[in-house]
1. Tally up the residues in region 1-23 that are surrounded by fewer than 17 Cβ atoms within 10 Å (Cβ to Cβ), in contact (Cβ under 8 Å) with a residue 40 or more places away in the chain and part of a helix (DSSP H, G or I), please.
2. Need a quick list: helices (runs of 4 or more DSSP H) entirely within region 108-163 having at least 3 residues that are modelled with pLDDT of 85 or more and assigned by TED's automatic domain parsing to the domain that holds Ala41.
3. Output the residues belonging to region 1-58 that are of a type in the set (A, V, I, L, M, F, W, C) and farther than 21 Å from Pro104 by Cα.
4. Out of all the residues in region 92-109, is one or more under 9 Å from the mean Cα position of the chain (by Cα), buried (at least 18 other Cβ atoms within 10 Å of the Cβ) and among the polar types (S, T, N, Q)?
5. So Leu66 passes all but one of these: (1) assigned to a helix (DSSP H, G or I); (2) out of contact with any Pro (no Cβ under 7 Å at 6 or more places or on another chain); (3) in contact (Cβ under 8 Å) with a residue 24 or more places away in the chain. Which condition number does it fail?
6. Kindly indicate the residue of region 59-91 that is over 30 Å from Ala35 (Cβ atoms) and among the hydroxyl-bearing types (Ser, Thr, Tyr) and also surrounded by the most Cβ atoms within 10 Å (Cβ to Cβ) among those meeting that condition.
7. Considering every residue within region 130-139, establish whether at least one is within 13 Å of the chain's Cα centre (by Cα), more than 29 Å from Val9 (Cβ to Cβ) and of a type in the set (S, T, N, Q).
8. Working only within region 27-56, note down all residues that are crowded, with 17+ Cβ neighbours inside 10 Å, assigned to a helix (DSSP H, G or I) and of a type outside the set (A, V, I, L, M, F, W, C).
Amino acid sequence: MKSVITTVVSSADAAGRFPSVSDLESVQGSIQRAAARLEAAEKLANGLDAVAKEAGDACFNKYPYLKQPGEAGENQTKVEKCYRDFKHYLRLFNYCLVVGGTGPLDEWGIAGAREVYRALNLPTAPYVAGLQFTRDRACAPRDMSPQALVEFRALLDYAINSLS
């Protein structure tokens, strides 16, 4: 699984060198932010169902046509799959917060997501809308500390940009 530490070590190894000062500073910064990331991971885990429900609701509110016949949310089973997908993304964000890198999201959430959505004729814009709602709704100190929120929002922005 890719983290800041594994990325730095792999890059230095591939270049046939020891990690540089800037490489080590990157690792140190990641370690210094670890407490905030773990706080965000814990808060996200505790509210996973509610956050996924709000993201799915925002998706269907912004794109109500999705519930029409022939669309991605035409029946309850398909609507539930949308909510399941949001839970999947949120779990990946949780893993990323724990490892301190985007590896889990890159490996399991983004690589191939567009191809799968295209193959199933599912638009990515509604998922992006749900993730944007989650990013914009999150609030410090109501939901988590300001630094934890920065870490969480950075992952949301990464996913939004990747799926857009």
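1. Looking only at that region, the number is 1.
2. Values: elements: 113-119, 125-137, 146-163.
The qualifying helices (runs of 4 or more DSSP H) are 125-137, 146-163.
3. Let us first name the residues in region 1-58 that are of a type in the set (A, V, I, L, M, F, W, C), namely 1, 4-5, 8-9, 12, 14-15, 18, 21, 24, 27, 31, 34-36, 38, 40-41, 44-45, 48, 50-52, 55, 58.
Listed by number, the residues that qualify are Ala12, Ala14, Ala15, Phe18, Val21, Leu24, Ala50, Ala58.
4. Yes, region 92-109 has at least one match.
5. Against the list (1) assigned to a helix (DSSP H, G or I); (2) out of contact with any Pro (no Cβ under 7 Å at 6 or more places or on another chain); (3) in contact (Cβ under 8 Å) with a residue 24 or more places away in the chain, Leu66 comes up short only on (2).
6. Tyr83
7. Taking region 130-139 as the starting set, the residues that turn out to be within 13 Å of the chain's Cα centre (by Cα) are 130-135.
Restricting the remaining residues to those that are more than 29 Å from Val9 (Cβ to Cβ) gives 130-135.
Narrowing the set further to residues that are of a type in the set (S, T, N, Q) leaves 132, 134.
Yes, the conditions are met somewhere in region 130-139.
8. So in region 27-56, the residues crowded, with 17+ Cβ neighbours inside 10 Å come out as 27, 30, 33, 36-37, 39-41, 43-44, 51-52, 55-56.
From what is left, the residues that are assigned to a helix (DSSP H, G or I) are 27, 30, 36-37, 39-41, 43-44, 51-52, 55-56.
If the condition is that a residue be crowded, with 17+ Cβ neighbours inside 10 Å, assigned to a helix (DSSP H, G or I) and of a type outside the set (A, V, I, L, M, F, W, C), then Ser30, Arg37, Glu39, Lys43, Gly56 are the ones that fit.
The values are calculated or read from the model by the stated rules, or taken from the named source; none is laboratory data. Here the structure is a predicted model, which is why all the values come from computation and not from measurement. We place every Cβ from the backbone using ideal geometry, glycine too, and count neighbours over all the protein chains shown.
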